[in-house]
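We did not get these values from a lab; they are worked out from the coordinates using the rules stated. None of these values were measured; they are calculated from a predicted model. As a convention, Cβ positions derive from the backbone with ideal geometry for all residues, glycine included, and neighbour counts pool all protein chains shown.
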Amino acid sequence: MKKLLNQVETYVDDLLEGMVAAHSALRRIPGTQVLVRAAKGNKVALVSGGGSGHEPAHGGYVGSGMLDGAVAGEVFTAPTPDQILAAIQAVDSGAGVLLVIKNYTGDILNFEMAAELASAEGIQVEQVVVDDDVAVDGSTYTVGRRGIAGTVFVHKIAGAAAEAGQPLAVVKAIAERVIANVHSMGMALCPCTVPASGQPSFQLADDEIEIGIGIHGEPGTHREPLRAASEIVDTLFEHIWASAGLASGDKVAVLLNGLGATPQSELYIANRRLRALLTARNLDVHKTFVGEFMTSLEMAGFSISILKLDEELKRLLDAPANTPAWKS
Amino acid sequence: MKKLLNQVETYVDDLLEGMVAAHSALRRIPGTQVLVRAAKGNKVALVSGGGSGHEPAHGGYVGSGMLDGAVAGEVFTAPTPDQILAAIQAVDSGAGVLLVIKNYTGDILNFEMAAELASAEGIQVEQVVVDDDVAVDGSTYTVGRRGIAGTVFVHKIAGAAAEAGQPLAVVKAIAERVIANVHSMGMALCPCTVPASGQPSFQLADDEIEIGIGIHGEPGTHREPLRAASEIVDTLFEHIWASAGLASGDKVAVLLNGLGATPQSELYIANRRLRALLTARNLDVHKTFVGEFMTSLEMAGFSISILKLDEELKRLLDAPANTPAWKS
Amino acid sequence: MLTTETFATFIANYARRLADLQETLNTLDNNIGDGDHGTNMARGFKAAAEQLAAKPATDVGGACNTVGMALLGSVGGASGPLYATVFMRFATAWKGMTSVDATNFAAGIAAALEGLQTRGKADVGDKTMIDVWHPVNQTLQNVRETTTLQAIVETADTAALATKQRIAKKGRAAYLGERSAGHCDPGSISSAVLFEELVDATIGGVERKPWPKLAL
Amino acid sequence: MLTTETFATFIANYARRLADLQETLNTLDNNIGDGDHGTNMARGFKAAAEQLAAKPATDVGGACNTVGMALLGSVGGASGPLYATVFMRFATAWKGMTSVDATNFAAGIAAALEGLQTRGKADVGDKTMIDVWHPVNQTLQNVRETTTLQAIVETADTAALATKQRIAKKGRAAYLGERSAGHCDPGSISSAVLFEELVDATIGGVERKPWPKLAL
Ligand SMILES: Nc1ncnc2c1ncn2[C@@H]1O[C@H](COP(=O)(O)OP(=O)(O)O)[C@@H](O)[C@H]1O
Ligand SMILES: Nc1ncnc2c1ncn2[C@@H]1O[C@H](COP(=O)(O)OP(=O)(O)O)[C@@H](O)[C@H]1O
Ligand SMILES: [Mg+2]
Ligand SMILES: [Mg+2]
Ligand SMILES: [Mg+2]
Ligand SMILES: [Mg+2]
């Protein structure tokens, strides 16, 4: 295992310290793995989080116009309820807190327990569960779809609504509208290595790729032969198209997310094809975001997220945000 | 070679197309590998460039407050003079053009030839050569130091001066002040593979790292054993410190640049130590930038750049910019 | 007999077993999940054993509560709230007892199973730790002699290995669909080991299975 | 004799050789540079050969100009402007000639060397292509018989291989310092191959060296 780290045990602690050192608008709640805005808002607060290893998620989205707090678990491990509770307590201004959870058993269980504890303290807590990954057909498995990179759109748009002073119920409804309208799918060229395990999360031959990959190094839905970037984009897009209910003339936002080790050049090569496909279906691409938004350590690969916009979602997506990883 | 690409021959073309598709404020000069702002400015223009494979450099820095044009060569190969000339012609508004060149023989030769051609056409052209890499001691080899990630500070600060309407001579002088005050050094955990060659650019054992790496996959100045992130940061910092002429109380900006495959978590782990070192020397860290700014395809590793700020440089660094890869 | 003291031994021994089996459990989780189950369990029960040693309980229920809280605050993931629930339910079932008789023991296991199902909403056969806890509970309904607790170890071991052929319907492995077949469920294996240590601390004489060989 | 026709043959053959040697030159450049010299040269001379075939020149100077412009517009890197300069200098030296005699041939090489040094500012011994062009030029000052052009092939080959032990002082390899010793300079090898093809097209009978075996 070749990584830039000190000790496996201090990985998350070290990265959070380095993050706070870099970004003066972030504050770490002492004794926790929680990052919050240095200046507390007087509005509905958004808390998200999950395992570490997804950087810039989730701490990178804490800041004006997006999240108020981000809770970091161990690498790829949902954070514990006490940490989530600490985040909720720190960011609540009395206007209530919306939890943005990705649909994984671990995240759900821990966030729900924290929500119960916070409610018991009289804090208004609501939650939404992001399940944008169309690789997993929600109807076959009762767990439903996973949450992956499309979550960043939820942070951005619900964050803008909260920043604009909307009440909790409205912010939640907007978050749910984003969730209903965002569809994603990813693939991997190479696995990643969780520091604590020291082993690659799976093995792939030189001419194989994983399709339908999650964001925790877990294998995807199946393997396919390596082929041209455009053909890979075609495969992911067809899956998304089949689920997304898009129609000619729809306005969309696109997120091309690198999983950690994919050069930006390759993301742009993928975007070239994606844009051609969107244009061919007569979709109106309002904005395209290319970069690393929700990663799996040093996994090579990428995901595509397509968000169908209405006028309000578009306005909120374009609204100002100023966080370490998202400025608009 | 496992890469997300179509054909090796169309790598640069495809990525530029994907880039323009993603960013509506970019325009590609037809028939060239040159990206310029969609809206031409009425001011001194900045042109930079170099080989491809450094994304988001250089096209990602084209936009208000930074570059006016970026010229992309083949992967890791300086662009040809005709391409550079096309960029100069396209961006010149009559106020003159500043070329920001990194100190490599190939870049210098091609940019100089283009400058000669442009001057012959009556365009005012000036150039600056960035040589921030302290890994290579300029006095031993007559080629001088290489230009690496510190170049991004030159784009940002000289770009802000140009945007503010400063004349060519002033913009050039400011760029030269940045160059005199920025010092960088990098290391690699793993090599990268140039698509056209298909082979890793060097071989490293599992317990070895390259110190003093450039940004073209070339080997560094020497090899050392893999060790804790903090110790690696110590090594790079000591080299920078020995060259940078910094003194207690100086205000600095810091750029922690991932080379392509290094997770952001690891960059933050490095930043934790770097901040401790800077604080110990009583340096005042005005701003820290962590991310991928000047990459080497999918090389794993990072570089540190430290820029000593005066009041004017600080103000120009903080000035607004809106480009695909830099927003402030 | 499960007493305040043998319970502490159970936790200390289980923590040690998990440290030894950490890589095995991680590898199992790598096959069909995200590779952290061993790390999660080892971290959690190390914390639990330490907290129990630092603040010894005066009854089994109290000790269970300490363990449950320690897990809740240190594990995370799916297994954290689930194993924490197990010990919280034990805590309620065995509250105030310094020794737990066969009937109460069975009641505790039944309560734990009920807690797991309420939290995780998995059914038997979904390829989760429920696939172990459910048959163990059934065995206990039939065999109520403390001296025959040995039987639940066999049940648990067999049930854990039987998860191998199943297709996961809950938890992270569910996203693999049919690819999840052919690999044992990591949480079921860690549960089987839990029963080995629980029964050994209670009545002794349990033979530890060679899990790396059996499960991988 | 170097004529408009044999010059075209030279370019076509050199382009083919470079395509064959692309990997070898890339590997050489990987050792001490950025691994693109083979790709650069193959791309450049493919373009040059194509442009020369598309628009055949009426004199050697004109052909050289076509090649120089093709290289300038297609190579980039350090080698692009340098090899372009070589052919631009040839173009001036051999302007209007349909055949180049021994004296003019030597003058052309001398002009090319002078152009390379003006552009690249490298000295002999800096481990660049100058280490080949300089001794070739010296050999030509002594041996002016066209029939003994063979001598410059030997000079070039020997000089290119002799770059191996040197420490680079110019170009990208210079940044490696002492680590650059032990590897041949890629631009010197591509120059040696150029002389093989130039002389073979001019007087014939040149034996192509097994460069992958010799230089790697
Ligand atoms: N809904 C559920 N009900 C019961 N057990 C579950 C459920 N989901 C997952 N598990 C158990 O948790 C184990 C995984 O734990 P762990 O790897 O620590 O957490 P995570 O999946 O969050 O990484 C699985 O092997 C399975 O036995
Ligand atoms: N200053 C110089 N003068 C002469 N030749 C040079 C100089 N710098 C580099 N070269 C030659 O260029 C070759 C490298 O060319 P190439 O790899 O195509 O370009 P780059 O170094 O830009 O990648 C070197 O092997 C060397 O022979
Ligand atoms: Mg996990
Ligand atoms: Mg090059
Ligand atoms: Mg797991
Ligand atoms: Mg090269």
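A few comments on the model shown:
- Each of D:97, B:185 was scored by other Cβ atoms within 10 Å of its Cβ. Arranged with the fewest first, they read D:97, B:185.
- Given A:308/B:2; C:46/C:209; A:3/B:3, the pairs whose alpha carbons are separated by over 25 Å: A:308/B:2
- Label-point gap, in nm, between residue D:148 and residue A:228 - each point 7 angstrom along Cα→Cβ: 5.7 nm
- Between A:239, A:54, A:222, the GNM of chain A built on Cα springs shorter than 10 angstrom shows A:222 fluctuating the most.
- A Gaussian network model of chain B, with springs between Cα atoms under 10 Å, assigns the largest mean-square fluctuation among B:303, B:24, B:52 to B:24.
- Between residue A:82 and residue B:203, the FRET efficiency from the beta-carbon distance, with R0 = 30 Å, is close to 0.05.
- Residue-wise HN-Hα couplings along segment A:90-103, as the Karplus relation 6.51 cos²θ - 1.76 cosθ + 1.60 with θ = phi - 60° gives them from phi, are 5, 9, 5, 9, x, 8, x, 10, 9, 8, 9, 10, 8, 6 Hz; Gly and Pro carry x.
- In order along segment B:50-56, phi translates into HN-Hα couplings of x, x, 7, x, 10, 3, x Hz, rounded to whole numbers, per the Karplus curve 6.51 cos²θ - 1.76 cosθ + 1.60 with θ = phi - 60° and x for Gly and Pro.
- Sorted shortest first, the separations between the residue B:315 label point and its copies elsewhere in the assembly read 3.8 nm; each point sits 7 Å from Cα along the Cα-to-Cβ line.
- Protection proxy ranking of A:84-90, B:193-199, A:200-206, by the mean of other Cβ atoms within 10 Å over each peptide's residues and highest first, is A:84-90, B:193-199, A:200-206.
- Cα-projected label distance for residue A:280 with residue C:216, points at 7 Å along beta-carbon direction, nm: 4.7 nm
- Neighbouring partner chain Cβ atoms per residue of B:77-85, average, 10 Å criterion: 5
- Overall form of chain B per C-alpha gyration tensor (a/c, 1.5; a/b vs b/c): oblate
- Take the Cα of residue B:137, step 7 Å toward its Cβ, do the same at residue D:118, and the gap between the two points is 3.5 nm.
- Shape call, segment B:11-130: gyration tensor on alpha carbons, a/c limit 1.5: oblate
- Counts of other chain beta carbons within 10 angstrom of each beta carbon in peptide B:100-111 average 5.
- Residue among D:85, D:27, D:163 with the largest mean-square fluctuation in a Gaussian network model of chain D, springs linking Cα atoms under 10 Å: D:27
- Backbone amide hydrogens, once placed in the peptide plane, bring residue A:222 within less than 5 Å of A:211, excluding anything fewer than 5 places away on its chain.
- Amide H to amide H, with H built 1.01 Å from N, residue C:2 comes under 5 Å of C:100, counting only residues 5 or more places away or on other chains.
- Cut-off under 5 Å, modelled amide H: who pairs with residue A:190 long-range: A:300
- Note, ³J(HN,Hα) from phi for segment D:175-181, Karplus 6.51, -1.76, 1.60, rounded to Hz, x at Gly and Pro: 5, 7, x, 5, 5, 6, 5
- Along chain C, longest interval not containing exposed GluC sites (Glu not before Pro), exposed being DSSP loop plus at most 11 other Cβ atoms within 10 Å: C:1-144
- Sorted from closest to farthest, the other copies place their residue B:119 label points 7.5 nm away, with each point set 7 Å from Cα along Cα→Cβ.
- Number of partner chain Cβ atoms within 10 Å, mean per residue of A:252-262: 3
- Estimated FRET transfer efficiency when R0 is 41 angstrom, pair residue A:180-residue B:248 (beta carbons, to 0.05): 0.15
- Considering only the protein assembly as shown, percent of DSSP beta bridges that pair antiparallel, nearest 5: 55 percent
- Calculated FRET efficiency for the pair residue D:95/residue B:120, C-beta based, R₀ 25 Å, to 0.05: 0.75
- Paramagnetic reach from residue B:1 in segment A:224-259 [backbone N under 17 Å; point 7 Å along Cα→Cβ]: A:226-230
- Overall form of segment A:60-111 per C-alpha gyration tensor (a/c, 1.5; a/b vs b/c): prolate
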